[in-house]
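Working notes for the structure below.
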Amino acid sequence: MSAAVNTLSPAKKFQFVGGNLCLDFTNTVGGKRGLSTREHLNSYADFVCWCQQADLLDASTANALLRRSARHPDEAAAALGRAIGLRESIYRIFAALASGESPQTSDLDHLNAELAMHLGRLQVASNKKRFAWTWRSLDGALDHPLGPIARSAADLLTSTHLLKQVRQCEGDTCGWLFVDSSKNHSRRWCVMSDCGNAAKVRRFRMKSSRARSASSATSRKARGMK
Ligand SMILES: [Zn+2]
(Lines give C-alpha, C1' and ligand atoms only; values in the text may rest on other atoms or scores of the structure.)
Protein backbone atom coordinates (compact mmCIF):
# COMPACT_ATOMS: atom_id res chain seq x y z
CA MET A 1 0.00 0.00 0.00
CA SER A 2 1.42 3.37 -0.95
CA ALA A 3 1.75 6.33 1.38
CA ALA A 4 -0.79 8.18 -0.76
CA VAL A 5 -3.48 5.60 -0.08
CA ASN A 6 -2.83 5.97 3.63
CA THR A 7 -3.95 9.58 3.41
CA LEU A 8 -7.53 8.38 2.84
CA SER A 9 -9.37 8.46 6.13
CA PRO A 10 -11.37 5.21 6.24
CA ALA A 11 -13.29 6.30 9.35
CA LYS A 12 -14.87 9.29 7.63
CA LYS A 13 -18.46 8.39 6.84
CA PHE A 14 -20.44 10.97 4.91
CA GLN A 15 -24.22 11.29 5.01
CA PHE A 16 -26.27 11.10 1.82
CA VAL A 17 -29.71 12.44 2.66
CA GLY A 18 -30.15 15.05 -0.09
CA GLY A 19 -31.67 12.68 -2.63
CA ASN A 20 -29.48 14.26 -5.32
CA LEU A 21 -25.75 14.18 -6.00
CA CYS A 22 -25.12 17.95 -6.12
CA LEU A 23 -27.21 18.59 -2.98
CA ASP A 24 -25.37 15.83 -1.11
CA PHE A 25 -22.16 17.55 -2.15
CA THR A 26 -23.35 20.84 -0.61
CA ASN A 27 -24.08 18.86 2.57
CA THR A 28 -20.39 18.20 3.18
CA VAL A 29 -20.47 21.19 5.54
CA GLY A 30 -21.93 20.70 9.01
CA GLY A 31 -23.70 23.44 10.94
CA LYS A 32 -25.34 26.50 9.47
CA ARG A 33 -23.54 28.62 6.89
CA GLY A 34 -23.14 32.19 8.10
CA LEU A 35 -23.38 31.15 11.77
CA SER A 36 -21.14 28.22 12.60
CA THR A 37 -19.92 25.63 10.16
CA ARG A 38 -17.87 22.47 10.31
CA GLU A 39 -15.93 21.70 7.14
CA HIS A 40 -15.90 17.99 6.28
CA LEU A 41 -13.66 18.30 3.22
CA ASN A 42 -10.42 19.19 4.93
CA SER A 43 -8.10 17.60 2.39
CA TYR A 44 -8.09 16.33 -1.17
CA ALA A 45 -8.24 12.80 0.33
CA ASP A 46 -11.52 13.73 2.06
CA PHE A 47 -12.90 14.86 -1.30
CA VAL A 48 -11.89 11.56 -2.92
CA CYS A 49 -13.41 9.70 0.04
CA TRP A 50 -16.73 11.53 -0.51
CA CYS A 51 -16.61 10.83 -4.26
CA GLN A 52 -16.09 7.13 -3.60
CA GLN A 53 -19.02 7.00 -1.16
CA ALA A 54 -21.12 8.88 -3.71
CA ASP A 55 -20.22 6.20 -6.31
CA LEU A 56 -18.47 8.74 -8.50
CA LEU A 57 -15.18 6.86 -8.30
CA ASP A 58 -14.30 3.19 -8.07
CA ALA A 59 -11.54 2.10 -5.70
CA SER A 60 -8.81 1.86 -8.34
CA THR A 61 -9.53 5.34 -9.78
CA ALA A 62 -9.73 6.79 -6.25
CA ASN A 63 -6.35 5.27 -5.38
CA ALA A 64 -4.84 6.55 -8.63
CA LEU A 65 -6.05 10.08 -7.83
CA LEU A 66 -4.68 9.83 -4.29
CA ARG A 67 -1.29 8.68 -5.55
CA ARG A 68 -1.19 11.57 -8.01
CA SER A 69 -2.30 14.05 -5.34
CA ALA A 70 0.57 12.88 -3.10
CA ARG A 71 3.04 13.52 -5.93
CA HIS A 72 1.48 16.91 -6.79
CA PRO A 73 0.29 18.53 -3.56
CA ASP A 74 -0.14 21.97 -5.15
CA GLU A 75 -2.36 20.52 -7.86
CA ALA A 76 -4.34 18.65 -5.19
CA ALA A 77 -4.80 21.82 -3.13
CA ALA A 78 -5.99 23.68 -6.25
CA ALA A 79 -8.45 20.89 -7.13
CA LEU A 80 -9.81 20.89 -3.57
CA GLY A 81 -10.15 24.69 -3.69
CA ARG A 82 -12.10 24.41 -6.95
CA ALA A 83 -14.30 21.65 -5.51
CA ILE A 84 -15.16 23.79 -2.49
CA GLY A 85 -15.73 26.88 -4.64
CA LEU A 86 -18.12 24.95 -6.89
CA ARG A 87 -19.84 23.44 -3.85
CA GLU A 88 -20.51 26.88 -2.35
CA SER A 89 -21.88 28.25 -5.64
CA ILE A 90 -24.19 25.23 -5.96
CA TYR A 91 -25.25 25.70 -2.32
CA ARG A 92 -26.07 29.40 -2.81
CA ILE A 93 -28.02 28.68 -6.01
CA PHE A 94 -30.27 26.04 -4.43
CA ALA A 95 -30.57 27.74 -1.03
CA ALA A 96 -31.83 30.84 -2.86
CA LEU A 97 -34.31 28.81 -4.92
CA ALA A 98 -35.50 26.90 -1.83
CA SER A 99 -36.41 30.21 -0.20
CA GLY A 100 -38.17 31.52 -3.31
CA GLU A 101 -35.37 33.86 -4.40
CA SER A 102 -33.38 34.08 -7.62
CA PRO A 103 -29.81 32.82 -7.56
CA GLN A 104 -26.94 35.25 -8.09
CA THR A 105 -25.71 35.54 -11.68
CA SER A 106 -22.12 35.12 -10.44
CA ASP A 107 -22.98 31.68 -9.02
CA LEU A 108 -24.63 30.57 -12.27
CA ASP A 109 -21.59 31.89 -14.18
CA HIS A 110 -19.33 29.86 -11.91
CA LEU A 111 -21.38 26.70 -12.52
CA ASN A 112 -21.35 27.33 -16.28
CA ALA A 113 -17.58 27.84 -16.25
CA GLU A 114 -17.12 24.42 -14.57
CA LEU A 115 -19.57 22.83 -17.03
CA ALA A 116 -17.58 24.28 -19.94
CA MET A 117 -14.41 22.73 -18.55
CA HIS A 118 -15.90 19.26 -18.21
CA LEU A 119 -18.74 18.61 -20.63
CA GLY A 120 -16.28 17.92 -23.47
CA ARG A 121 -15.40 14.71 -21.63
CA LEU A 122 -18.94 13.35 -21.92
CA GLN A 123 -19.34 10.56 -24.40
CA VAL A 124 -21.85 7.92 -25.39
CA ALA A 125 -20.74 4.38 -24.68
CA SER A 126 -22.45 1.18 -25.67
CA ASN A 127 -23.04 -1.48 -23.11
CA LYS A 128 -24.51 -4.61 -24.68
CA LYS A 129 -27.66 -3.35 -26.38
CA ARG A 130 -27.89 -0.11 -24.44
CA PHE A 131 -26.15 3.24 -24.68
CA ALA A 132 -25.28 5.54 -21.82
CA TRP A 133 -23.53 8.82 -21.09
CA THR A 134 -20.11 8.20 -19.57
CA TRP A 135 -17.23 10.42 -18.56
CA ARG A 136 -13.93 9.99 -20.38
CA SER A 137 -11.14 10.15 -17.80
CA LEU A 138 -8.22 12.46 -18.45
CA ASP A 139 -5.18 10.52 -17.28
CA GLY A 140 -5.97 10.97 -13.62
CA ALA A 141 -6.81 14.69 -13.71
CA LEU A 142 -7.47 15.58 -10.08
CA ASP A 143 -10.56 17.64 -10.93
CA HIS A 144 -12.13 14.65 -12.70
CA PRO A 145 -15.12 14.29 -10.28
CA LEU A 146 -16.18 17.93 -10.65
CA GLY A 147 -17.75 17.18 -14.05
CA PRO A 148 -20.51 14.86 -12.78
CA ILE A 149 -21.16 17.16 -9.80
CA ALA A 150 -21.57 20.24 -12.03
CA ARG A 151 -23.76 18.26 -14.43
CA SER A 152 -25.92 17.06 -11.55
CA ALA A 153 -26.54 20.70 -10.58
CA ALA A 154 -27.38 21.58 -14.21
CA ASP A 155 -29.76 18.61 -14.48
CA LEU A 156 -31.53 19.59 -11.26
CA LEU A 157 -31.82 23.24 -12.33
CA THR A 158 -33.34 22.24 -15.66
CA SER A 159 -35.63 19.53 -14.25
CA THR A 160 -39.37 19.94 -14.61
CA HIS A 161 -40.53 18.68 -11.23
CA LEU A 162 -37.54 18.06 -8.94
CA LEU A 163 -36.45 21.70 -8.77
CA LYS A 164 -39.74 22.69 -7.13
CA GLN A 165 -39.06 20.11 -4.43
CA VAL A 166 -35.67 21.43 -3.29
CA ARG A 167 -35.87 22.35 0.40
CA GLN A 168 -33.55 23.54 3.11
CA CYS A 169 -33.57 21.88 6.52
CA GLU A 170 -35.33 24.03 9.13
CA GLY A 171 -33.03 22.88 11.93
CA ASP A 172 -31.63 25.79 13.99
CA THR A 173 -28.07 24.56 13.54
CA CYS A 174 -28.45 23.08 10.07
CA GLY A 175 -28.93 24.27 6.52
CA TRP A 176 -28.66 21.08 4.54
CA LEU A 177 -30.43 20.88 1.23
CA PHE A 178 -32.56 18.01 0.00
CA VAL A 179 -35.16 17.04 -2.58
CA ASP A 180 -38.47 16.57 -0.79
CA SER A 181 -39.85 13.42 -2.37
CA SER A 182 -42.30 12.75 0.49
CA LYS A 183 -45.86 11.90 -0.52
CA ASN A 184 -47.42 15.25 0.44
CA HIS A 185 -44.19 17.27 0.05
CA SER A 186 -44.10 18.23 3.71
CA ARG A 187 -40.57 17.18 4.67
CA ARG A 188 -38.97 19.88 6.83
CA TRP A 189 -35.82 18.20 8.11
CA CYS A 190 -32.73 16.72 6.49
CA VAL A 191 -32.87 13.81 8.95
CA MET A 192 -35.94 13.36 11.14
CA SER A 193 -34.00 11.45 13.81
CA ASP A 194 -31.54 14.33 14.05
CA CYS A 195 -32.84 17.84 13.23
CA GLY A 196 -36.53 16.76 13.47
CA ASN A 197 -36.12 15.31 16.95
CA ALA A 198 -34.05 18.28 18.13
CA ALA A 199 -36.92 20.58 17.10
CA LYS A 200 -39.45 18.34 18.90
CA VAL A 201 -37.38 18.42 22.11
CA ARG A 202 -37.06 22.23 21.86
CA ARG A 203 -40.82 22.65 21.38
CA PHE A 204 -41.48 20.37 24.36
CA ARG A 205 -39.06 22.35 26.59
CA MET A 206 -40.60 25.67 25.53
CA LYS A 207 -44.09 24.34 26.27
CA SER A 208 -42.99 23.02 29.70
CA SER A 209 -41.26 26.28 30.58
CA ARG A 210 -44.36 28.31 29.55
CA ALA A 211 -46.55 25.97 31.63
CA ARG A 212 -44.19 26.41 34.66
CA SER A 213 -44.24 30.24 34.30
CA ALA A 214 -48.04 30.26 34.04
CA SER A 215 -48.42 28.10 37.14
CA SER A 216 -45.99 30.20 39.24
CA ALA A 217 -47.77 33.40 38.13
CA THR A 218 -51.05 31.89 39.29
CA SER A 219 -49.62 30.95 42.69
CA ARG A 220 -48.02 34.43 43.08
CA LYS A 221 -51.40 35.97 42.35
CA ALA A 222 -53.04 33.68 44.89
CA ARG A 223 -50.46 34.77 47.51
CA GLY A 224 -50.89 38.44 46.56
CA MET A 225 -47.31 38.74 45.19
CA LYS A 226 -46.33 40.81 42.19
ZN1 LIG B 1 -30.89 19.29 9.23
Order of exposure, largest accessible area first, which applies to R136, R167 with probe 1.4 Å
R136, R167
Karplus (6.51, -1.76, 1.60) ³J(HN,Hα), θ = phi - 60°, over the range 183-188, in Hz, Gly and Pro reported as x:
3, 9, 6, 10, 5, 10
Describe numerically, in nm with one decimal, the distance between label points set 7 Å from Cα along Cα→Cβ at D194 and at T105.
3.7 nm
Give me a comma-separated list of calculated 3J(HN,Hα) values for the range 85-97, in order, Karplus coefficients 6.51, -1.76, 1.60 applied at θ = phi - 60°, integers in Hz, x for any Gly or Pro.
x, 5, 4, 5, 5, 4, 4, 5, 4, 7, 5, 5, 5
Here FRET efficiency (C-beta to C-beta, Q53 to M206, R₀ 45 Å, nearest 0.05) is 0.75
Reduced Cα scattering model of the range 30-74, Debye log10 I(q)/I(0), q = 0.25, 0.26 Å⁻¹
-0.85, -0.88
Per-pair calculated FRET efficiency, R0 = 41 Å: D172 and R136 via Cβ, rounded to 0.05:
0.40
Under Karplus coefficients 6.51, -1.76 and 1.60, residue-wise ³J(HN,Hα) of the range 59-68 in Hz, glycine/proline x
4, 6, 5, 4, 5, 5, 5, 5, 5, 5
Judged on accessible area alone, 1.4 Å probe, highest first, H118, H144, H161 line up as H161, H144, H118
Restricting the range 58-140 to GluC sites (Glu not before Pro) in coil, as DSSP defines it, with at most 10 other Cβ within 10 Å:
E101
Name the long-range amide H neighbours of V166: under 5 Å, sequence gap of 5 or more, or other chain; modelled H, no Pro or chain starts.
D180
Which residue, L57, L177, L86, has the most motion in a Gaussian network model of the chain that connects Cα atoms within less than 10 Å?
L57
Of every Cα-Cα pair in the range 96-183, the percentage lying beyond 14 Å is 74 percent
Where N is the number of residues in the range 67-106, Cα Rg divided by 2.2 N^0.38 Å
1.64
Given the range 56-123, report the % of alpha carbon pairs whose separation exceeds 21 Å.
42 percent
Under 10 Å, Cβ to Cβ, from R82 - net charge with Lys/Arg +1 and Asp/Glu -1:
-1
Let me have the 222 nm mean residue ellipticity of the chain computed from DSSP H runs of 4+ only, each contributing -39500 (n - 2.57), with the sum over all residues rounded to the nearest 500.
-16000 deg cm²/dmol
Could you tell me which of rounded, prolate or oblate describes the chain, using a ≥ b ≥ c as the square roots of the eigenvalues of the alpha-carbon gyration tensor, with rounded for a/c under 1.5 and, failing that, prolate when a/b is larger than b/c and oblate otherwise?
prolate
log10 of Debye I(q)/I(0), alpha-carbon scatterers only, for the range 1-117 at 0.11, 0.23 Å⁻¹
-0.40, -1.42
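The values are calculated or read from the model by the stated rules, or taken from the named source; none is laboratory data. Everything numeric here is computed off the predicted structure, so don't read it as measured data. Cβ atoms come from the backbone with ideal geometry, glycine included; neighbour counts cover every protein chain shown. For the accessible areas, the whole protein counts, side chains as well, though only heavy atoms, and no ligand, DNA or RNA atoms are used. Shrake-Rupley method; radii C 1.70, N 1.55, O 1.52, S 1.80 Å.
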